[in-house]
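Have a look at the structure below, then the notes.
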Amino acid sequence: MNRYFYIDHEGKQKGTFSPEELRLENVRKDTLVWTQGMEQWERAEAVAELRFLFTEARPVETPVSAPQTAYPQASAPQYAPGSAAQMQPMPKTWLIESILVTILPFILCSNIISLLGIIAIVYAAQVESFYNRGDYAAALNSSQSAAKWTKITFWIAIAWIILLIIAIILIIVFFGSLTALPGLSDALSA
């Protein structure tokens, strides 16, 4: 038994449903449907497996104020339900990591260079949308780019923190050595 997508009266794609579930969705004869193995969307009445929906007597529930609009020409999803592309796990998004390496160094040490993490955030935000559209290759590419920019921003933040620590140590050593000079401590206390 196939699982079907359909285009509702508002032009939105919904799915997947078994033929019995489509009955509960009040699919009409002119509703566009698609399932794995079909080249394009077809009217529900033209699909042999769904003809039983229209031959048996059933109450028709039509929305009171539903506008009659022409269905958009919809293309089939880039992957079919149950296909290998859908079964691959979604690549890591790196969204939380990229946000943390962008915001925390900026707040803690005013490192403007850490704002390069915005690039990582943009790539990380694309991963899930590409995956949901069935474009696994683009999702994987965005995940790898997000990982690269997250790591670059992380190491820039680490280097910045190390430079700040070294600067603080040098300042302490410099002022500590000034107080050890003879006569300078008397001049500073006067």
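Each value in this text was obtained by applying a stated rule to the coordinates, not by laboratory testing. None of the values given here were measured: they were computed from a predicted structure. Cβ coordinates were reconstructed from backbone atoms using ideal geometry, including for glycine residues, and neighbour counts include every protein chain displayed.
Brief remarks follow.
- Taking the Cα atoms of region 88-179, the ratio Rg/Rh between the radius of gyration and the Kirkwood radius comes to 1.25.
- Full extension of the segment from residue 159 to residue 13, taken as 0.36 nm per residue of separation minus the current Cα-Cα distance, would add 47.7 nm.
- Student exercise, region 1-56 dipole from Lys, Arg, Asp, Glu Cβ charges, in Debye to nearest 20: 40
- Lysines whose Cα lies under 28 Å from that of residue 12, excluding same-chain neighbours fewer than 8 positions away: 29
- Summing charges over all other residues whose Cβ lies under 9 Å from the Cβ of residue 14, with Lys and Arg as +1 and Asp and Glu as -1, gives -1.
- Here residue 148 is the anchor, and the lysines within straight C-alpha reach of less than 27 Å, apart from those fewer than 8 places off in the same chain, are 92.
- Rel. contact order, % - alpha carbon contacts under 8 angstrom, at least six apart, region 88-179: 32
- Centroid-to-centroid separation of region 8-60 and region 99-137 [C-alpha atoms, Å]: 41
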